[in-house]
Amino acid sequence: MSIRAGYKREGVESFYVKHGDTYRNPHEPGIVAAVQSVCTSQRLDMCDVLDLACGSGEVTLALRQAGAGRIDGCDPYTGVAYMERTGQQAYPWSFADIAAGDVLRGRRYGLVVCSYALHLCEPSRLPGVLLSLAPRCNHLLLLSPHKQPVIKRGWGFRLVHEDYVERVRVRLYNGL
């Protein structure tokens, strides 16, 4: 069963509750290539990174290889899979937790990466997630198979780079 079929049959949250411990992103080779490309072509502050909706750690592993410093992962469903692959705990933060802002209080990241996940955020919650992240990071890197989600003006970020690498849409934003 494909992930998209699983979403349709079980719903997104139910899919991850059921399969989160064994989750693997089938697009990992493209994601790794996209991370390598943007890390090579852009000047990114990778001293402190948040891998938002970190899945099984494919972005964390690619960032480590690219020379990133401290990387925090967060995902409310895939902590076991993330620990198995990266050797580190993931915070169990959800998009709702990020939007509420309390979990990020006192934290600052040079880069926040969200790979194949932000389009799953409830549309009504998306502005709150972005407005909570914007003052806490220099850059937001979105990796996705399509142009979703659309980041609107006033949500704390400005698009500075866009690319398409091995069927992965790469969008880099500066925090305002």
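When Cα extents along the principal axes in Å is calculated directly from the model, which label among [x] 65, 34, 24; [y] 38, 33, 29; [z] 43, 35, 30 fits?
Given [x] 65, 34, 24; [y] 38, 33, 29; [z] 43, 35, 30, the calculated one carries the label [y].
Among Pro123, Ala90, Val59, pick out the residue whose Cα is farthest towards the positive end of the charge dipole of the range 56-176, where Lys and Arg carry +1 and Asp and Glu carry -1 on C-beta, about the Cα centre.
Going by the charge dipole, the pick is Pro123.
Taking all protein chains as present, what is the carbon and sulfur share of the accessible area of the range 20-77, in % to the nearest whole number, probe 1.4 Å? Please list the in-between numbers first.
Values: 1140 of 2350 Å².
Reported share for carbon and sulfur atoms: 48 percent.
Would you pull out the residues with amide H under 5 Å of Ile71's amide H, same chain only if 5 or more places away, H placed 1.01 Å from N?
Close amide H contacts, sequence-distant or interchain: Val49.
Net charge within 14 Å of Gly110 by Cβ-Cβ distance, Lys/Arg positive one each and Asp/Glu negative one each, not counting Gly110 itself? Show your work: numbers first, answer last.
Numbers: positive: Arg43, Arg70, Arg107, Arg108, Arg136; negative: Asp45, Asp48, Asp51, Asp72.
Summing Lys/Arg as +1 and Asp/Glu as -1 gives +1.
Would you mind putting 53-65, 33-45 in packing order, based on average other-beta-carbon counts within 10 Å, highest first? Present the calculation step by step, with values, prior to reporting the outcome.
Values: 53-65: 23.3, 33-45: 16.7.
Listed from highest to lowest mean packing, they are 53-65, 33-45.
Taking every DSSP beta bridge with both residues inside the chain, roughly what % is antiparallel (nearest 5)? Please list the in-between numbers first.
On the way: 14 of 31 bridges.
Percentage antiparallel, nearest 5: 45.
What accessible area per residue comes out for the range 66-145, rounded to a whole number of Å², with a 1.4 Å probe?
Numbers: 3180 Å² over 80 residues.
Here the residues of the range 66-145 average 40 Å² of exposed surface.
Would you calculate a helix-derived [θ] at 222 nm for the chain, using -39,500 (n - 2.57) for each DSSP H run of n ≥ 4 and dividing by the full residue count, to the nearest 500? Show your work: numbers first, answer last.
Numbers: 7 runs with 60 residues, N = 176.
Mean residue ellipticity at 222 nm (helix-derived): -9500 deg cm²/dmol.
The values are calculated or read from the model by the stated rules, or taken from the named source; none is laboratory data. Nothing here was measured: the structure is a model prediction, and the numbers come from that model. Here Cβ is always computed from backbone atoms with ideal geometry, including for glycine, and neighbour counts include all displayed protein chains. What goes into the accessible areas is simple: the full protein's heavy atoms, side chains included, and nothing from ligands, DNA or RNA. Shrake-Rupley method; radii C 1.70, N 1.55, O 1.52, S 1.80 Å.
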